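First comes the structure, then the notes that go with it.
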Amino acid sequence: MHIRVINPNTTASMTAAIGVAAQRVAAPDTRIVAVNPADGPASIECHFDDAVAAVGVCEEVRRGEAEGADGYVIACFGDPGLNAARELTRAPVIGIAQAAFQMAALVSARFSVVTTLARTVIIAEELLHRYGNAALCQNVRAVEIPVLALEQDMVAAVGRIIDESRRARDEDRAGAIVLGCGGMAGFEQEISQAVGLPVIEGVSAAVKLVEATAALGLNTSKHGDLAPPPAKCFSGRFAHFSGGEA
Ligand code: 5HY
């Protein structure tokens, strides 16, 4: 199968790293195509970034439909544009936050999230409630590292994530750690060994959930809320959305 892994920010080096992490866990017959929009924020660290990035996510899903993608991963921990993207395709569309929360619930009674900046904590908390996982999450913690700084000094970043994860283990009674950023893809085994807990990273969790969904013959429901968008006129820079299904 062909899975389009969409990094919603426009940082190509992060897209490449996400693609490597996705291919590492993918099944032998799964082809990973890692992409990012040409237009949009270099990183997503607030509600405004998230709103702008959602349009790019939808554009990438439209391209994926034209290229025959069998499933999609939205590789940003805010899951930007998730339901809008699901309206555009019958293929499964899995956000890394939802994937990580669900996977953590399968291996722990309580988990904590370790993310980048304190100002993105509210985004994770809103998703926990939206997806029904809030009762299982003890805490959403931030290491105060900007998203793009993760790759600039990876050793220091991993060290701070390990320290925060240990505090989550000891203070939150967390049985597992969820990594709250697509830029943390590839760190999970090192962190898990250092902390002694299962560590769930969303890109890899989402890839396996896309494969599992497809293997069960499940498509995104087109009855009701995720039906294709109604045809209408779009103007200006979005004029190409006019007409049929966006
Ligand atoms: C992400 N931002 O996964 C989120 C992380 C965050 O550009 N990719 C980003 O901190 O919300």
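Remarks
- Shown in residue order for the stretch 80-93 are the 3J(HN,Hα) couplings computed by the Karplus curve 6.51 cos²θ - 1.76 cosθ + 1.60 at θ = phi - 60°: x, x, 4, 6, 4, 5, 5, 5, 8, 8, 8, 6, x, 10 Hz (x for Gly and Pro).
- For the chain, the calculated P(r) over all alpha carbon pairs, in 10 Å bins from 0 to the bin holding the longest distance, is 8, 34, 36, 18, 4, 0 percent.
- Calculated from backbone phi, Karplus (6.51, -1.76, 1.60) coupling profile of the stretch 141-150 in Hz, x at Gly/Pro: 10, 10, 8, 6, 10, x, 3, 6, 6, 4
- Dipole magnitude (debye, nearest 20) for the chain, charges at Cβ of Lys, Arg, Asp, Glu: 400 debye
- Pairwise centroid distance, computed over Cα atoms, of the stretch 59-75 with the stretch 212-239, Å: 12 Å
- Once backbone amide H atoms are built at 1.01 Å from N, A34 has V5 as its partners under 5 Å, excluding neighbours fewer than 5 places away on the same chain.
- Loop-located trypsin sites (Lys or Arg not before Pro) across the stretch 1-107 with a Cβ neighbour count of 15 or fewer within 10 Å are R90, with loop assigned by DSSP.
- D (Stokes-Einstein, µm²/s), Kirkwood Cα radius, the stretch 97-203, 1.567 mPa s at 4 °C: 98 µm²/s
- Counting beta carbons within 10 Å around each of R237, R119 and listing the fewest first gives the order R237, R119.
- Think of each Lys and Arg Cβ as +1 and each Asp and Glu Cβ as -1; about the Cα centre, that makes the dipole of the stretch 123-205 roughly 220 debye.
- Per-residue ellipticity at 222 nm computed for the chain from its helices equals -13500 deg cm²/dmol, with DSSP H segments shorter than 4 residues left out and the rest contributing -39,500 (n - 2.57).
- 3J(HN,Hα) couplings calculated from phi for the stretch 43-49 with the Karplus curve 6.51 cos²θ - 1.76 cosθ + 1.60 (θ = phi - 60°) are, in sequence order, 8, 10, 9, 6, 5, 5, 4 Hz; Gly and Pro show x.
- Local electrostatic count at A109 - Lys and Arg +1, Asp and Glu -1, tallied over other residues with Cβ under 15 Å: +2
Laboratory data are not the source of any read-out in this text; all were calculated from the coordinates shown. Remember, it's a predicted structure, so these values are computed and weren't measured experimentally. All Cβ positions, even for glycine, are placed from backbone atoms using ideal geometry, and neighbour counts span all protein chains on display.
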